[in-house]
1. According to a simple spin-label model (label point 7 Å from Cα along Cα-to-Cβ), what is the distance in nm between E121 and D101?
2. Using a cut-off of 24 Å between alpha-carbon atoms, which lysines can reach K90, once sequence neighbours fewer than 8 places away in the same chain are excluded?
3. Can you give me the accessible area per residue for the chain, using a 1.4 Å probe, in Å²?
4. Filter the trypsin sites (Lys or Arg not before Pro) in region 38-86 to those in DSSP coil with at most 12 other Cβ atoms within 10 Å of their Cβ, and list the result.
5. Taking every DSSP beta bridge with both residues inside the chain, roughly what % is antiparallel (nearest 5)?
6. Looking only at region 1-73, where both bridge partners belong to it, what percent of the DSSP beta bridges are antiparallel (to the nearest 5)?
7. Taking the Cα centre of the chain as origin, work out the dipole magnitude from +1 charges on Lys and Arg Cβ and -1 charges on Asp and Glu Cβ, in debye rounded to 20.
8. Could you work out the helix-only [θ] at 222 nm for the chain, with each DSSP H run of four or more residues adding -39,500 (n - 2.57) and the total divided by the number of residues, to the nearest 500 deg cm²/dmol?
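The values are calculated or read from the model by the stated rules, or taken from the named source; none is laboratory data. Quick caveat, the model's predicted, so the values are computed rather than measured. Because the Cβ atoms are built from the backbone with ideal geometry, glycine has one as well, and the counts that use them run over all protein chains shown. Accessible surface areas use protein heavy atoms only, side chains included; no ligands, DNA or RNA. Shrake-Rupley method; radii C 1.70, N 1.55, O 1.52, S 1.80 Å.
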Amino acid sequence: MIYEIENGTIKQQRIIDDAMSFVAPLLNIPDNVLVEIILMRCASSGCIDMEEDEDGIHSFLIEINNKQSLEEIVATVFHEIKHVQQTISKRLDQCKWDGVDHSNTPYMDRPWEIEAYGFEEETCRQWSNR
(Lines give C-alpha, C1' and ligand atoms only; values in the text may rest on other atoms or scores of the structure.)
Protein backbone atom coordinates (compact mmCIF):
# COMPACT_ATOMS: atom_id res chain seq x y z
CA MET A 1 0.00 0.00 0.00
CA ILE A 2 1.14 3.47 -0.84
CA TYR A 3 -0.40 6.38 1.01
CA GLU A 4 -0.27 10.14 0.80
CA ILE A 5 -1.45 12.69 3.36
CA GLU A 6 -2.73 16.10 2.29
CA ASN A 7 -3.76 19.24 4.16
CA GLY A 8 -4.11 19.59 7.91
CA THR A 9 -1.45 20.73 10.31
CA ILE A 10 2.04 19.25 10.47
CA LYS A 11 1.07 17.65 13.81
CA GLN A 12 -2.03 16.05 12.24
CA GLN A 13 -0.01 14.79 9.28
CA ARG A 14 2.67 13.31 11.54
CA ILE A 15 0.20 11.45 13.73
CA ILE A 16 -1.59 10.05 10.67
CA ASP A 17 1.75 8.92 9.25
CA ASP A 18 2.55 7.23 12.56
CA ALA A 19 -0.89 5.59 12.68
CA MET A 20 -0.60 4.37 9.08
CA SER A 21 2.87 2.94 9.72
CA PHE A 22 1.41 1.09 12.71
CA VAL A 23 -1.74 -0.23 11.02
CA ALA A 24 -0.35 -1.19 7.60
CA PRO A 25 1.27 -4.48 8.72
CA LEU A 26 -1.95 -5.49 10.48
CA LEU A 27 -4.01 -5.33 7.30
CA ASN A 28 -1.60 -6.64 4.66
CA ILE A 29 -2.96 -4.39 1.89
CA PRO A 30 -1.19 -5.06 -1.45
CA ASP A 31 1.32 -2.70 -3.06
CA ASN A 32 -1.03 -1.86 -5.95
CA VAL A 33 -3.31 0.10 -3.60
CA LEU A 34 -2.97 3.88 -3.36
CA VAL A 35 -4.62 5.64 -0.43
CA GLU A 36 -4.93 9.42 -0.46
CA ILE A 37 -5.82 10.83 2.96
CA ILE A 38 -7.13 14.37 2.93
CA LEU A 39 -7.67 16.34 6.12
CA MET A 40 -10.55 18.73 5.63
CA ARG A 41 -13.72 20.04 7.16
CA CYS A 42 -16.51 17.54 6.55
CA ALA A 43 -19.88 16.66 8.05
CA SER A 44 -18.83 13.27 9.43
CA SER A 45 -15.65 12.06 11.11
CA GLY A 46 -14.53 10.49 7.85
CA CYS A 47 -15.57 8.90 4.59
CA ILE A 48 -14.06 6.84 1.79
CA ASP A 49 -14.34 6.60 -1.99
CA MET A 50 -12.69 4.11 -4.36
CA GLU A 51 -11.65 3.87 -8.02
CA GLU A 52 -9.95 1.09 -9.98
CA ASP A 53 -8.06 1.91 -13.16
CA GLU A 54 -7.54 -0.30 -16.20
CA ASP A 55 -4.19 -1.52 -14.83
CA GLY A 56 -5.84 -2.91 -11.69
CA ILE A 57 -4.55 -0.12 -9.46
CA HIS A 58 -6.99 0.58 -6.66
CA SER A 59 -7.13 4.22 -5.54
CA PHE A 60 -8.90 5.21 -2.37
CA LEU A 61 -9.70 8.69 -1.18
CA ILE A 62 -10.17 8.98 2.57
CA GLU A 63 -11.48 12.29 3.86
CA ILE A 64 -10.82 12.92 7.55
CA ASN A 65 -12.50 15.72 9.48
CA ASN A 66 -9.63 17.97 10.54
CA LYS A 67 -11.68 19.53 13.36
CA GLN A 68 -11.47 16.36 15.47
CA SER A 69 -8.99 15.76 18.26
CA LEU A 70 -5.79 13.89 17.36
CA GLU A 71 -7.17 10.76 19.06
CA GLU A 72 -10.37 10.97 17.01
CA ILE A 73 -8.37 11.48 13.80
CA VAL A 74 -6.34 8.33 14.52
CA ALA A 75 -9.50 6.34 15.31
CA THR A 76 -11.06 7.54 12.05
CA VAL A 77 -7.96 6.56 10.08
CA PHE A 78 -8.09 3.03 11.58
CA HIS A 79 -11.82 2.76 10.82
CA GLU A 80 -11.58 3.96 7.23
CA ILE A 81 -8.44 1.96 6.39
CA LYS A 82 -10.34 -1.15 7.55
CA HIS A 83 -12.93 -0.32 4.88
CA VAL A 84 -10.09 -0.23 2.34
CA GLN A 85 -9.06 -3.74 3.37
CA GLN A 86 -12.70 -4.95 3.30
CA THR A 87 -13.09 -3.60 -0.24
CA ILE A 88 -9.78 -5.01 -1.50
CA SER A 89 -10.67 -8.44 -0.14
CA LYS A 90 -14.01 -8.14 -2.00
CA ARG A 91 -16.05 -8.67 1.16
CA LEU A 92 -17.46 -5.14 0.83
CA ASP A 93 -18.91 -3.88 -2.46
CA GLN A 94 -21.04 -0.76 -2.08
CA CYS A 95 -23.88 -1.93 0.21
CA LYS A 96 -23.17 -5.62 -0.28
CA TRP A 97 -21.32 -7.68 2.32
CA ASP A 98 -20.17 -11.12 1.18
CA GLY A 99 -22.70 -10.83 -1.65
CA VAL A 100 -25.68 -9.96 0.59
CA ASP A 101 -27.38 -6.60 -0.04
CA HIS A 102 -27.63 -4.46 3.09
CA SER A 103 -29.07 -1.31 1.48
CA ASN A 104 -31.95 -1.28 3.96
CA THR A 105 -29.88 -2.26 7.00
CA PRO A 106 -29.46 0.55 9.55
CA TYR A 107 -25.95 2.05 9.46
CA MET A 108 -24.75 0.71 12.81
CA ASP A 109 -26.11 -2.78 12.02
CA ARG A 110 -24.21 -3.12 8.74
CA PRO A 111 -21.66 -5.93 9.09
CA TRP A 112 -18.78 -3.90 7.64
CA GLU A 113 -19.42 -1.08 10.10
CA ILE A 114 -19.59 -3.50 13.04
CA GLU A 115 -16.25 -4.97 11.94
CA ALA A 116 -14.66 -1.54 11.28
CA TYR A 117 -15.76 -0.13 14.65
CA GLY A 118 -14.41 -3.23 16.42
CA PHE A 119 -11.13 -2.96 14.53
CA GLU A 120 -10.93 0.77 15.30
CA GLU A 121 -11.42 0.17 19.03
CA GLU A 122 -8.92 -2.69 19.28
CA THR A 123 -6.30 -0.99 17.11
CA CYS A 124 -6.58 2.28 19.06
CA ARG A 125 -5.98 0.30 22.24
CA GLN A 126 -2.91 -1.45 20.76
CA TRP A 127 -1.58 1.79 19.27
CA SER A 128 -1.79 3.72 22.52
CA ASN A 129 -0.24 0.86 24.54
CA ARG A 130 2.88 0.45 22.40
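1. With each label placed 7 Å out from Cα toward Cβ, I get 3.1 nm.
2. Those lysines meeting the cut-off are K82.
3. That works out to 58 Å² per residue.
4. R41, K67
5. 45 percent
6. So the antiparallel bridges amount to about 35 percent of the total.
7. About 560 debye.
8. -14500 deg cm²/dmol
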